[in-house]
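Asker: I'd like to ask you about the structure that follows.
The values are calculated or read from the model by the stated rules, or taken from the named source; none is laboratory data. Quick caveat, the model's predicted, so the values are computed rather than measured. Note that we place each Cβ from the backbone using ideal geometry, even for glycine, and neighbour counts take in every protein chain shown.
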Amino acid sequence: MIREIVLYGDPVLRLKGNRIEKIDNSIRQLAADMLETMRNANGVGLAAQQVGAALQIMVIDVGDVDNRPSQMWVEGKEVDPNDHAPLILINPELELGGEREVETEGCLSFPEISAEIPRSTKVRVKAQDLDGNPIDFEATGLLARAAQHETDHLNGILFIDRISSASKTSLAGRLKRIAADA
């Protein structure tokens, strides 16, 4: 089921998600709905807060993005990210690499807004899948960026919190309009 995407200004976007202690049918349905919602909106990632649920679950699928490649390693061996897509990550924890880069990001909760955001170029992700099994991988490229962006959402942090003051000032009018519609 496609769910409504929560827009900037809705308080749920600022909530830290609750840890998921039991993966039941409601969590599986939420994950399926999030994937359908993300794909319908042409996104590459979606956090539970963006569909109104303050829980530690996100979905990511960078498989159809050719102009921003990703690399992924499982147990130290490089794998094709498409072979692991879509990723459903429950209770994720990130370890950030030291090197950073600035790239353009958008967000489904901020229609038609993008900004230059600094992020680590490489991350290690530890989480659980829908069966409660551990997931542990490293990533670079768009997959690393999406994991950081969605993990921020799970912690009540929005991408506009990471932009420069000048950029935030230039976006102020558009942000007010989005918040007014939320």
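Asker: Restricting attention to region 131-156, report how many residues are crowded, with 18+ Cβ neighbours inside 10 Å, touching a Lys or Arg at 6+ places or on another chain (Cβ under 6 Å) and under 23 Å from residue 15 (Cβ atoms).
Answerer: 2
Asker: Report yes if residue 161 is within 15 Å of the chain's Cα centre (by Cα), part of a helix (DSSP H, G or I) and without any contact (Cβ under 8 Å) to a residue 24 or more places away in the chain, otherwise no.
Answerer: Against the criterion (within 15 Å of the chain's Cα centre (by Cα), part of a helix (DSSP H, G or I) and without any contact (Cβ under 8 Å) to a residue 24 or more places away in the chain), residue 161 qualifies.
Asker: Considering only region 66-76, how many residues are exposed (fewer than 15 other Cβ atoms within 10 Å of the Cβ), within 24 Å of residue 41 (Cα to Cα) and touching a residue at least 24 places away in the same chain (Cβ under 8 Å)?
Answerer: 2
Asker: While we're looking at this one, here's another question. Can you pull out every residue in region 119-142 that is assigned to a strand (DSSP E or B), among the hydrophobic types (A, V, I, L, M, F, W, C) and touching a Ser or Thr at 6+ places or on another chain (Cβ under 7 Å)?
Answerer: Result: 139, single match.
Asker: For region 148-182, which residues satisfy the criterion of being at positive phi and of a type in the set (A, V, I, L, M, F, W, C)?
Answerer: Of everything in region 148-182, nothing turns out to be at positive phi and of a type in the set (A, V, I, L, M, F, W, C).
Asker: Between residues in region 124-144 that are in contact (Cβ under 8 Å) with a residue 60 or more places away in the chain and under 24 Å from residue 22 (Cα atoms) and residues that are of a type outside the set (A, V, I, L, M) and in a strand (DSSP E or B), which pairs lie under 7 Å by C-beta distance while being six or more apart or on different chains?
Answerer: 128/91; 128/134; 136/126; 137/73
Asker: Would it be correct to say that residue 175 is surrounded by fewer than 18 Cβ atoms within 10 Å (Cβ to Cβ), modelled with pLDDT of 95 or more and over 12 Å from the mean Cα position of the chain (by Cα)?
Answerer: Taking the combined requirement at face value, the residue does not satisfy it.
Asker: Looking at region 7-18, I want the residues that are of a type outside the set (A, V, I, L, M) and have a partner that is in a helix (DSSP H, G or I) and buried (at least 17 other Cβ atoms within 10 Å of the Cβ) with Cβ atoms under 6 Å, at least 6 apart or on another chain. Which pairs are those?
Answerer: Listed by first residue and then by second, the contacts come to 8/178; 17/48; 17/154.
Asker: If I filter region 91-108 for residues that are buried (at least 16 other Cβ atoms within 10 Å of the Cβ) and more than 25 Å from residue 66 (Cα to Cα), do I get at least one hit?
Answerer: Yes; the residues of region 91-108 include at least one that is buried (at least 16 other Cβ atoms within 10 Å of the Cβ) and more than 25 Å from residue 66 (Cα to Cα).
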